[in-house]
Amino acid sequence: MRVWVAVILLVALASGGATAQTEAGGVSGTVVDPSGAAITGAAVQVRSTNGTVQRTTQSDRNGSFIIYGLAAGDYQLVVSSPDFETKENPVTIGTIGAPASLRISLAVSALSTTINVQGREDDLVGIANSATQGTVGAREIQDRPILRSGEVLETVPGLIITQHAGGGKANQYFLRGFNLDHGTDFAIFIDDMPLNLPSHAHGEGYADMNTVIPEFVRRVNFEKGPYYADVGNYGSAGSAHLEFFKTLPQNFVKVEGGMYGYGRVVFGVSQKLGPGNLLYGGEAYHDDGPWTHPDNYYKFNGLLTYSQEGYANGFSVTARGYHGKWNSSDQIPENAVPVVGFFGALNPTDGGHSQRYSLQAEWHRQGANSASRVVVYGFYYDLDLFSDFTYFLTDLGRGDQFEQKDRRWVAGLYAQHTIFSQWFGRRVENTFGLQVRNDWIRNGLYQSENRVRVDKTDSGTGTILPATTQADRFTDTQPGFWVENKIQWAEKFRSVAALRGDLDYFDVTSLVNPANSGTASKLLPSPKLSLTFGPWFNTEFYTQGGFSFHSNDGRGATQTVQPVSADNPYPDTPVAKIPALVPTKGGEIGVRTVAFPHLQSTISLWYLRSASELQQDGDTGGTVASPQPSNRYGIEWANYYTPGENLAFDFDLANSKALYTSIDEDDAAPGSPGGKRVPEAVGLVISSGITFHDYKGLSSSLRLRFFGPRNLTSDGIYRSQATALLNGELGYQFHEKWHVTAEFLNLLNRRDHDIDYAYTSRVAPTAAPAFTDVFHPVEPFQVRFALGRTF
């Protein structure tokens, strides 16, 4: 996390453990490794002489920490960090003067045998810039039962992960009143390499988490709202930064098996190689699912990293590879259930395959007055996807299956430089950042039958729909630059002000209609401001406001003639171009408190406005832009309670509302004049769990995930049901190096829906078209077992 705590070191204390004299109810300092490099995220505790914890914090990116509000007396300062020995220093708090600064040097420890990465239990008062910014560590990720790898992101409070067709597709995301489709307004980064794909054949911002192996995720840093300068495209609702291990806490191998053809093998090894460390690992996965026509989903993931890692200076080079192939049980309308069953499919030939291979390099350096970080990356990606959402609505003979193909090469750069200084005695950080990516894309939309491209006939007009609906070759270039200023104005007031500018440039060559070729560009500025007040009684208050954006599909930015398709069976229909970038703006107020022992609690009220909505289109499977703006607002309450070393409770609640600024007629029920409700927008979300871990070898977890009914049409006539899932996990370490785990998914065996839509379809050539609820069910109760060994 990019966090800042105001500390200027004035006096260095030798690290031999001598008693330190501090004053004025506080203690401050810096934490370094044996080379003198700063250690970020070290846990700092002040304990009374009887061992009671009085205050907790963690070191910031400069290794600095500060703690105020201590009564005069004697204490123990306890400092710890993964891979280092814990250090205790006696300190004496005086009654006058300013807090003295300490220099704490931690010795490198032997390799830990447990994952010890800090997460939501950490005290972020004095560190975070908002109530909705946080970190989840590897231990919490590993303690959660998960159905699919994308659910790693459900550690972000208020975020829901679902699937609407086939295990190999990108997940469906819900957050802050959005059905985010496959990632339209939620940005995901893998070690600062973006996962979202602009101008994607299936949906804008497509982000496929199947490329992630959960065991290698060291932490997930998250933030919500358009207030963060280093997050550009797709970050309006929020963003998640997945940080991967460079050195594993322990080498491991794990074998899993379970119901419905589930099987998985994963391993990871890290070892010294010359002056650095080599980490490598992989995953082989198969799952049929409960579907009448099995998914038969195979995926293979590989990871290779070499690093020379220091907390101040270091670099790493990482190669990743993913390949997946699957069949797909797409969503089905309610009136098809009597025909194909609850877990059936109307077109068993749906499915696809995908792959992604990437190479990235990271370099960082930090000194007393500045810090720099540079990431360069490149990857190859392709997807070939066959879907059928309307069945026989368009062509009574050949059906409505279509193919979406996306192939691209991508290259990018992320760089930032921070200068630490003082302005008139006030501690200041100024950061200059640059992000550039270029996508060389070739994608298209095709009519297909049984995965073969064919011409079709529109049953309503008799128009021939050509096999190639749309095919394009184009580049999508997105440079962004930002400047950010952080100032600690006073002990209990700090600010973060930033200005970001982004350009999107498209150069499109249409392979079907030359009239749709051309170039387009759009430049958007995005100012941002965050103010933090406190802490008082271990409680901080935040207020934020800012602008952001999401990109539209580049093909729409140059298109002048609409392709001939089921949506438009008329040749040479003119269509208006859409803007390349769509602005968003929002604000929120929030509170973060650790006033109650062992409890981290935050609450926030937020608002977000988008100039145009990106929505899933049931006829094409892609995303379409709404003609009118939308407003969203809501409340979020997150809690993490750790009453003991082996016990943790969490309870997160979010409730939001999404409305268009004017009546929407297109997404209304038949015969309705429409309404202002944004279809499929998530409202109430509850995520809660209890985790008991590492007690005499025993670990267990029980989790509830609930998201409430959603409007499926703008008039609210069609609504989804609520979805509630209870998952459990039980593990036992029966030997120093061996452990077993059992996961129990959907313990109550509820027949809820993962996703719902409402639109017109025809389930058979002889049936009448019907406007109904269209859904994809959650998977039923199942058990999965795992046997793991560390070495």
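The values are calculated or read from the model by the stated rules, or taken from the named source; none is laboratory data. This one's a predicted model, so the numbers in the text were calculated from it and none came from an experiment. Heads up, the Cβs are rebuilt from the backbone with ideal geometry, glycines too, and the neighbour counts pull from every protein chain shown. Accessible surface areas use protein heavy atoms only, side chains included; no ligands, DNA or RNA. Shrake-Rupley method; radii C 1.70, N 1.55, O 1.52, S 1.80 Å.
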Fill in: From phi via Karplus (6.51, -1.76, 1.60), per-residue ³J(HN,Hα) for region 731-742 in Hz, x at Gly/Pro
x, 9, 8, 8, 8, 3, 10, 10, 8, 10, 9, 10
Worksheet entry | Modelled FRET efficiency - R0 25 Å, Val337 with Ala724, Cβ distances, 0.05 increments | 0.75
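Any idea what diffusion coefficient region 720-791 gets from Stokes-Einstein, in µm²/s, Kirkwood Rh on alpha carbon pairs, 25 °C, 0.890 mPa s? Spell out each step's value before the answer.
On the way: Rh = 15.5 Å.
Answer, rounded: 158 µm²/s.
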Worksheet entry | Cβ-derived FRET efficiency at R0 22 Å, Thr52 paired with Tyr732, nearest 0.05 | 0.10
Worksheet item: Once Rh is set to the Kirkwood radius over Cα pairs, what Stokes-Einstein translational diffusion coefficient, in µm²/s, holds for region 259-311 at a temperature of 4 °C and a viscosity of 1.567 mPa s?
Response: 98
Worksheet entry | Kirkwood-based Rg to Rh ratio, region 183-292, C-alpha trace | 1.05
Worksheet item: Say R0 is 22 Å: what FRET efficiency, to the nearest 0.05, do Leu499 and Gln422 get from their beta-carbon distance?
Response: 0.50
Discussion item. Sort 528-539, 436-447 by the packing proxy (mean of other Cβ within 10 Å over each peptide's residues), most packed first.
Written reply: 436-447, 528-539
Item to complete: Filter the cross-link list Lys492/Lys528; Lys272/Lys325; Lys169/Lys657; Lys254/Lys696; Lys585/Lys676; Lys254/Lys325 down to pairs whose alpha-carbon distance in this structure exceeds 24 Å.
Response: Lys272/Lys325; Lys169/Lys657
Worksheet item: Roughly speaking, what is the stretch gain from Thr760 to Val253, that is 0.36 nm per residue apart minus the C-alpha to C-alpha distance, in nm to one decimal?
Response: 177.7 nm
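Provide the packing ranking of 365-378, 400-413, 224-237, i.e. peptides ordered by the mean count of other C-beta atoms within 10 Å per residue, highest first. Write out the running numbers ahead of the final one.
Numbers: 365-378: 16.5, 400-413: 20.2, 224-237: 27.4.
For the peptides 365-378, 400-413, 224-237, the packing ranking is 224-237, 400-413, 365-378.
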Practice prompt. Take the alpha-carbon positions of region 671-791, form their convex hull, and give its projected area averaged over all directions (one quarter of the hull surface) in nm².
Written response: 11.0
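Leaving out ligands, DNA and RNA, and with a 1.4 Å probe, what % of the accessible surface on the chain is carbon or sulfur?
Numbers: 17040 of 28830 Å².
The nonpolar share, carbon plus sulfur, comes to 59 percent.
Which order do the peptides 662-674, 247-259, 279-291 come out in when sorted by mean C-beta neighbours inside 10 angstrom, highest first? Could the numbers behind the result be given before it?
Numbers: 662-674: 14.7, 247-259: 17.4, 279-291: 19.8.
Packing proxy ranking, top to bottom: 279-291, 247-259, 662-674.
Would you mind working out the magnitude of the charge dipole of region 273-421 relative to its Cα centre, with +1 at each Lys and Arg C-beta and -1 at each Asp and Glu C-beta, to the nearest 20 Debye?
Values: 10 positive and 16 negative charges, 183 e Å.
Its charge dipole is roughly 880 debye.
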Discussion item. Report the Cα-based extents of the chain along its three principal axes, largest first, to the nearest Å.
Written reply: 89, 58, 51
Worksheet item: When you take every Cα atom in region 471-552, what is the radius of gyration, and what is Dmax, the widest Cα pair distance, in Å?
Response: 20.5, 66
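Measuring with a 1.4 Å probe in the full set of protein chains, what accessible area per residue, in whole Å², belongs to region 257-319?
Values: 2560 Å² over 63 residues.
Using a 1.4 Å probe on heavy atoms only, each residue of region 257-319 averages 41 Å².
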Worksheet entry | region 523-680, Cα convex hull volume normalised per residue, Å³ | 166
Practice prompt. Based on a Kirkwood Rh over C-alpha pairs, give the Stokes-Einstein translational diffusion coefficient of region 491-608 at 37 °C and viscosity 0.692 mPa s in µm²/s.
Written response: 182
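Based on alpha-carbon positions alone, could you give the equivalent ellipsoid semi-axes of region 603-732 from the gyration tensor, as √(5λ), descending, whole Å?
On the way: eigenvalues 302, 53, 28 Å².
Whole-Å semi-axes of the equivalent ellipsoid: 39, 16, 12.
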Worksheet entry | DSSP beta bridges in the chain [antiparallel fraction, %, rounded to 5] | 95
Discussion item. With a 1.4 Å probe and all protein chains left in place, how much accessible area per residue does region 420-526 have, in Å²?
Written reply: 45
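Looking at region 413-544, I'd like the Rg to Rh ratio, where Rg is from alpha-carbon atoms and Rh is Kirkwood's inverse mean 1/r. Before the final figure, lay out each step's value.
Working: Rg = 25.3 Å, Rh = 19.6 Å.
Ratio of gyration radius to Kirkwood radius for region 413-544: 1.29.
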Worksheet, complete the sentence: For Ala240, other-chain or 5+-apart residues with amide H closer than 5 Å (H placed, Pro excluded) are Ala187, Ile188, Phe189
Worksheet, complete the sentence: Total charge of the residues flanking Gly137 in space, meaning their Cβ is under 9 Å from its Cβ, with Lys and Arg +1 and Asp and Glu -1, is +1
Worksheet item: When all C-alpha to C-alpha distances in region 308-430 are sorted into bins of 5 Å, what percent of pairs does each bin hold, rounded to whole numbers?
Response: 2, 9, 12, 11, 10, 8, 8, 7, 7, 7, 6, 6, 4, 2, 1, 0
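Only four residue types carry charge here, +1 at the Cβ of Lys and Arg and -1 at the Cβ of Asp and Glu. Report the dipole size of the chain about the Cα centre in Debye, rounded to the nearest 20. Spell out each step's value before the answer.
Working: 63 positive and 80 negative charges, 352 e Å.
Value, rounded to 20: 1700 debye.
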